[in-house]
Amino acid sequence: MTAVADNYPTRGRSECTSTIRRDPTVWGDARNGPLNKDEVAAYERNGFHSVETIVPPHDVFRLVDEMHRLAGADELRGDDRVVRENGTGDVRSVFDVHQLSPVVDEIVRRPEVVGMARQVLGSDVYIHQSRLNYKPGFSGGPFYWHSDFETWHAEDGMPTPRAASISIALTENYGYNGGLMIMPGSHKAWVSCPGETPENYYKESLVVDVPPTGSPDHAMLTRMANEYGIETMTGHAGSATLFDSNCMHGSNGNITPFSRSNLFIVFNSVENTLQEPFAAPAPRPSYLGSRDFTPVN
Ligand code: 6CS
Ligand code: FE
């Protein structure tokens, strides 16, 4: 495998640094797809685009049924794809849900879903990762500030941020039950993170409140929050947010009675397939970073 230039150095250092992202946010002319011209321009500027309704109510009910089925499935007992909250042991996330659920697999391939990713990434796409984040009422833990791309570059070997996530709300996403918070415009900064990636780091990073590496330090986060601000993605069940892989984002814990359950699908460009990890001892399992690059058709 020819060595790919590392334009996004991170980890293996003590300092947090910020430089300009070297790659575009929107690839190609983005003329074809569900977003109109103004929406594409806003996505390029902010790094995200929200949609009022991407899945009709009866399909939301089917996805919620699948969410409960997977959480209780005997065949997934002890499976690494099921990540549980520290303490309560409640299900925090289930990964690879497009492989585990034909309902999820059919919905994510709909043009109104995958078409948004193809449009902004300017190419065919494949599924890099899928997951349900349950964030149950009272016990749903936080997801600390991070750039997904920083993890996918360091630990999965993703060369450039030519990837995007679509978060589909399966329950009401209020401002107070742990909604996704994004710093608008932060996707245009490349923030390298201090620290080294331990062996099998994902076993820890997916559950702890503040992961030991893979997140900027307080000084950098304070500077970024003051520069970009913070927007919380709220919306009804069935709404969605498309967001760039390098947005600085996170979500608070949920102490309300109202769960904030979302389905996340990560689409990566077929021109951006995984190499060797850029800052980790070994690649993560395929349910976190798929190495099946078959385009979604
Ligand atoms: O490590 C990952 O790939 C996952 N972790 C977070 C906090 N966001 C992206 C992804 O689900
Ligand atoms: Fe994330």
Next item on the list: Any chance you could list the semi-axes, whole Å, largest first, of the equivalent ellipsoid that the Cα gyration tensor gives for region 66-134, using √(5λ)?
Entry: 27, 13, 9
Notebook entry, point to check: For the chain, what is the calculated [θ] at 222 nm in deg cm²/dmol (nearest 500), taking -39500 (n - 2.57) for each run of four or more DSSP H residues and dividing by its residue count?
Noted result: -6000 deg cm²/dmol
Margin query: For region 99-154 and region 58-88, what is the centre-to-centre distance using only Cα atoms, to the nearest Å?
Written below: 16 Å
Next item on the list: Give me Trp27, Trp145 ranked fewest to most by other Cβ atoms within 10 Å of their Cβ, as a rough exposure proxy.
Entry: Trp27, Trp145
Notebook entry, point to check: Between the DSSP loop rule and a limit of at most 12 other Cβ atoms within 10 Å, which GluC sites (Glu not before Pro) in region 176-267 are left?
Noted result: Glu199
Notebook entry, point to check: How are the Cα pair distances of region 8-75 distributed, in percent, across 10 Å bins from 0?
Noted result: 14, 24, 22, 27, 13
Notebook entry, point to check: Can you give the Kirkwood hydrodynamic radius for region 129-194, in Å, rounded to one decimal and based on Cα pairs?
Noted result: 14.1 Å
Next item on the list: Would you mind giving the three semi-axes, in whole Å and largest first, of the ellipsoid equivalent to the chain according to its Cα gyration tensor?
Entry: 25, 23, 20
Next item on the list: Treat every Asp and Glu Cβ in region 63-173 as -1 and every Lys and Arg Cβ as +1, leave all other atoms uncharged, and give the resulting dipole magnitude about the Cα centre to the nearest 20 debye.
Entry: 200 debye
Check: For region 1-140, what is the largest minus smallest coordinate of the Cα atoms on each principal axis, given in angstrom and ordered from greatest to least?
Finding: 45, 44, 37
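Rule-based calculations on the coordinates, nothing more; no lab input. All values reported here derive from a predicted model rather than from experimental measurement. FYI the Cβ positions are ideal-geometry reconstructions off the backbone, even for glycines, and counts take in every protein chain you see.
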